[in-house]
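The values are calculated or read from the model by the stated rules, or taken from the named source; none is laboratory data. It should be emphasised that the depicted structure is a prediction, and the values quoted were computed from it without experimental measurement. With ideal geometry, Cβ positions are generated from the backbone for all residues, glycine too; neighbour counts draw on all protein chains shown. Quick note on the areas: whole protein, heavy atoms, side chains included, nothing else; ligands and nucleic acids left out. Shrake-Rupley method; radii C 1.70, N 1.55, O 1.52, S 1.80 Å.
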Amino acid sequence: MSHESPRATPQASLERWLSSPRIEPLPPRAPRAPAPAISFEFFPPKTEALETQLWSCIRRLEPLGPQFVSVTYGAGGSTQERTHATVTRLVRETVLTPAAHLTCVGASRGEVDDVARRYWDAGVRHIVALRGDPPSKAPYQPHPEGYEYAADLVAGLKRVADFDISVAAYPETHAQAASAAADLDNLKRKLDAGASRAISQVFFETGNFLDFLDRALAAGITAPIIPGIMPVSNFAQAKRISEMGGTYVPGWMAEMFDGLDEDAETRQMVAASIAAEQVRTLQANGIDEFHFYTLNRADLTYAIARILGVKAREDSASFFEKKEAKKL
Ligand SMILES: Cc1cc2nc3c(=O)[nH]c(=O)nc-3n(C[C@H](O)[C@H](O)[C@H](O)COP(=O)(O)OP(=O)(O)OC[C@H]3O[C@@H](n4cnc5c(N)ncnc54)[C@H](O)[C@@H]3O)c2cc1C
């Protein structure tokens, strides 16, 4: 019995080979090039089981020596206490540099400033400053006594203390922006107000991010714009998150995951291959800093960091012990 499709005749295969473009493989990382800088995003856990999962993820990724690790702030500030608890535990129990996400939606300037002051007093020096979205799908309305946009929040935070501030950037343009150019102006305002870098919204079409960097540069933005990488193994979940944030989910990606809903093992391999290709393409284009949306899972992020050339530090096993010893 033959499974040969009509297209797989030797003649057709030969014709396809002869008529196809010759595509070079992605170049390997230069032998002595420094490993890229990486950072990780976590979300604050809701339950004890999720807390255990988060901390096993943190312990696995900690030896990779990230520049910082950030903890998200639930819609409308709904996780204020849990975000604070996770960030301050990171300060107390790890050698990592935590960054607390902070949004201004639905809160007065005084309330936001108080949250920021609590972070400063707890030793947190890095804030990811965001406008946030209303918890319902209602159109955004600034709080009558609040910061109106993230740029105002950045300026306000700088008045509270000399925080290191990151802001959000949108390679495929924020959904509520008047235009792509207006969105870039907004990014520039956030940086001019005191932010040191931007972290990008997740994207799957790598070319969209590279085009965005060119446009940002043309608009006079020279601060680092770190690509936000989401290694996707739960496609349905990633699609939901992506679409909420206005990220384009390409057809080729849906096709790769099609029919794999019940096959977690293969999904994991497909996910690793997609993310590896994405980061290697970015690296080949000169990108040397990456932010991973970990979704509180270490495995894919760890593997992709490895592919980028990041290795666990040799003294990693004693990280925590050293920090404890420092306190004695
Ligand atoms: C890296 C990253 C991390 C995130 N973390 C969180 C989180 O922890 N918690 C959370 O709730 N959300 C988070 N978000 C989502 C974010 O809150 C939403 O995308 C939100 O809709 C916009 O926030 P922003 O800080 O980009 O807002 P802004 O920079 O204020 O921009 C919002 C919109 O307003 C427009 N705009 C800005 N200024 C003006 C102006 N003066 N006049 C007219 N239009 C203007 C902009 O072009 C844009 O369309 C994150 C997003 C990213 C990319």
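Looking at region 138-151, which of its residues are open to solvent by 100 Å² or more (accessible area, probe 1.4 Å) and within 23 Å of the chain's Cα centre (by Cα)?
The one that is open to solvent by 100 Å² or more (accessible area, probe 1.4 Å) and within 23 Å of the chain's Cα centre (by Cα): 149.
Name the residues in region 5-39 that are at pLDDT below 85, surrounded by 10 or more Cβ atoms within 10 Å (Cβ to Cβ) and not in a loop (DSSP other than H, G, I, E, B), would you?
Scanning region 5-39 gives a single hit, 8.
Yes or no, residue by residue, for (1) in contact (Cβ under 8 Å) with a residue 40 or more places away in the chain; (2) closer than 22 Å to residue 38 by Cβ; (3) over 13 Å from the mean Cα position of the chain (by Cα):
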| residue | (1), (2), (3) |
| --- | --- |
| 155 | no, no, yes |
| 162 | no, no, yes |
| 180 | no, no, yes |
| 216 | yes, yes, yes |
| 231 | yes, yes, no |
| 241 | no, yes, no |
| 246 | yes, no, yes |
| 249 | yes, no, yes |
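Could you check region 256-275 and list, in sequence order, the residues that are without any contact (Cβ under 8 Å) to a residue 12 or more places away in the chain, open to solvent by less than 60 Å² (accessible area, probe 1.4 Å) and not in a helix (DSSP H, G or I)?
263
Taking the criterion of being within 26 Å of residue 225 (Cβ to Cβ), within 16 Å of the ligand (Cβ to nearest atom) and either open to solvent by 40 Å² or more (accessible area, probe 1.4 Å) or not β-branched (Val, Ile, Thr) (or both), would at least one residue in region 44-64 satisfy it?
Yes, some residue in region 44-64 is within 26 Å of residue 225 (Cβ to Cβ), within 16 Å of the ligand (Cβ to nearest atom) and either open to solvent by 40 Å² or more (accessible area, probe 1.4 Å) or not β-branched (Val, Ile, Thr) (or both).
Which of the residues that make up region 179-218 are in a loop (DSSP other than H, G, I, E, B), within 12 Å of the ligand (Cβ to nearest atom) and open to solvent by less than 40 Å² (accessible area, probe 1.4 Å)?
If the condition is that a residue be in a loop (DSSP other than H, G, I, E, B), within 12 Å of the ligand (Cβ to nearest atom) and open to solvent by less than 40 Å² (accessible area, probe 1.4 Å), then 193, 195, 202, 203 are the ones that fit.
What's the number of the condition residue 250 fails, among (1) at pLDDT below 95; (2) over 27 Å from residue 74 (Cβ atoms); (3) open to solvent by 50 Å² or more (accessible area, probe 1.4 Å)?
Among (1) at pLDDT below 95; (2) over 27 Å from residue 74 (Cβ atoms); (3) open to solvent by 50 Å² or more (accessible area, probe 1.4 Å), the lone unmet condition for residue 250 is (3).
With 115, 128 as the choices, which residue is within 15 Å of the ligand (Cβ to nearest atom), of a type in the set (A, V, I, L, M, F, W, C) and either part of a loop (DSSP other than H, G, I, E, B) or closer than 21 Å to residue 186 by Cα (or both)?
Unique residue meeting the criteria: 128.
So residue 87 clears everything in (1) in contact (Cβ under 8 Å) with a residue 40 or more places away in the chain; (2) β-branched (Val, Ile, Thr); (3) within 16 Å of the ligand (Cβ to nearest atom) except one condition, right? Which one?
Single failed check for residue 87: (1).
Which condition number in (1) of a type in the set (Val, Ile, Thr); (2) assigned to a helix (DSSP H, G or I); (3) more than 10 Å from the ligand (Cβ to nearest atom) is the one that residue 69 fails?
Among (1) of a type in the set (Val, Ile, Thr); (2) assigned to a helix (DSSP H, G or I); (3) more than 10 Å from the ligand (Cβ to nearest atom), the lone unmet condition for residue 69 is (2).
Considering only region 68-95, how many residues are open to solvent by 20 Å² or more (accessible area, probe 1.4 Å) and within 19 Å of the chain's Cα centre (by Cα)?
Of the residues in that region, 3 qualify.
For region 96-111: of the residues being under 21 Å from residue 52 (Cα atoms) and of a type in the set (A, V, I, L, M, F, W, C), which is most open to solvent (accessible area, probe 1.4 Å)?
Only one residue tops the list, namely 96.
If I ask for residues that are out of contact with any Asp or Glu (no Cβ under 8 Å at 6 or more places or on another chain) and surrounded by fewer than 19 Cβ atoms within 10 Å (Cβ to Cβ), which ones from region 162-178 would you list?
Selection gives 162, 164, 175, 176, 178.
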